[in-house]
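Asker: Would you mind keeping the following structure in view while I ask a few things?
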């Protein structure tokens, strides 16, 4: 039975529709479903999600998570780098869900506007990606949490991200 949750995320007013660039643990549907059930949310419709690439950014592991037992991923701007994920169209009424799932409600992460390119080709898409708030980052990067990384790799495989990206993620655990 879902917990009766009330608060900023559940009370957020509807805004404009948006595209959520999902690059972390939310790629894994099973983990996402468990989180949504625990927090009283309906799982988003992933049927319109598009595998995409964010150019000029890289994964960074400078956010501590008690839940994941170590450092989890965020994004840092870096010329020549790229991160793969899903471009997930969302209704404006789901902004509170995205903010809650991404840790913006607690101030851990914040949404930034980005442009992502579909892996299958096509024009860039305006999206929102959540990055760690500067004042919540660790002083130095750490090895990624093995549990977080396993979840992301499982999600990356299942959502059709490139074999090269999956291999890059797997190499982070070695």
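Asker: For segment 20-43, check the following and say yes or no: at least one residue is assigned to a loop (DSSP other than H, G, I, E, B), in contact with a strand residue (DSSP E or B) (Cβ under 8 Å, 6 or more places away or on another chain) and at pLDDT below 95.
Answerer: Residues of segment 20-43 assigned to a loop (DSSP other than H, G, I, E, B): 23-24, 28, 40-43.
Among the residues that remain, those that are also in contact with a strand residue (DSSP E or B) (Cβ under 8 Å, 6 or more places away or on another chain) are: 23-24.
Narrowing the set further to residues that are at pLDDT below 95 leaves none.
Within segment 20-43, none of the residues are assigned to a loop (DSSP other than H, G, I, E, B), in contact with a strand residue (DSSP E or B) (Cβ under 8 Å, 6 or more places away or on another chain) and at pLDDT below 95.
Asker: Kindly provide the set of residues from segment 60-92 that are under 26 Å from residue 122 (Cβ atoms) and more than 16 Å from the chain's Cα centre (by Cα), ordered by number.
Answerer: Result: 78, 79, 80, 81, 91, 92.
Asker: Let me ask another. In the list 160, 155, which residue meets the criterion of being within 16 Å of the chain's Cα centre (by Cα) and in a loop (DSSP other than H, G, I, E, B)?
Answerer: Working: 155 fails: in a loop (DSSP other than H, G, I, E, B).
It is 160.
Asker: Also, I was wondering about something else. Looking only at residues that are surrounded by fewer than 20 Cβ atoms within 10 Å (Cβ to Cβ) and touching a helix residue (DSSP H, G or I) at 6+ places or on another chain (Cβ under 6 Å) in segment 94-125, which one is nearest to residue 38 (Cα to Cα)?
Answerer: Checked segment 94-125; the qualifying residue nearest to residue 38 (Cα to Cα) is 105.
Asker: Is there a residue being surrounded by fewer than 17 Cβ atoms within 10 Å (Cβ to Cβ), touching a strand residue (DSSP E or B) at 6+ places or on another chain (Cβ under 8 Å) and free of Cβ contacts under 8 Å to residues at least 60 places away in the same chain anywhere in segment 58-70?
Answerer: The answer is yes, given that some residue of segment 58-70 is surrounded by fewer than 17 Cβ atoms within 10 Å (Cβ to Cβ), touching a strand residue (DSSP E or B) at 6+ places or on another chain (Cβ under 8 Å) and free of Cβ contacts under 8 Å to residues at least 60 places away in the same chain.
Asker: Also: List the number of the failed condition for residue 141; all other conditions in (1) more than 28 Å from residue 17 (Cα to Cα); (2) in a helix (DSSP H, G or I) hold.
Answerer: Against the list (1) more than 28 Å from residue 17 (Cα to Cα); (2) in a helix (DSSP H, G or I), residue 141 comes up short only on (2).
The values are calculated or read from the model by the stated rules, or taken from the named source; none is laboratory data. Computed from a prediction, not measured in an experiment: that's the story for all the values here. For neighbour counting, all protein chains shown are included, and Cβ atoms are generated from backbone atoms with ideal geometry for every residue, glycine included.
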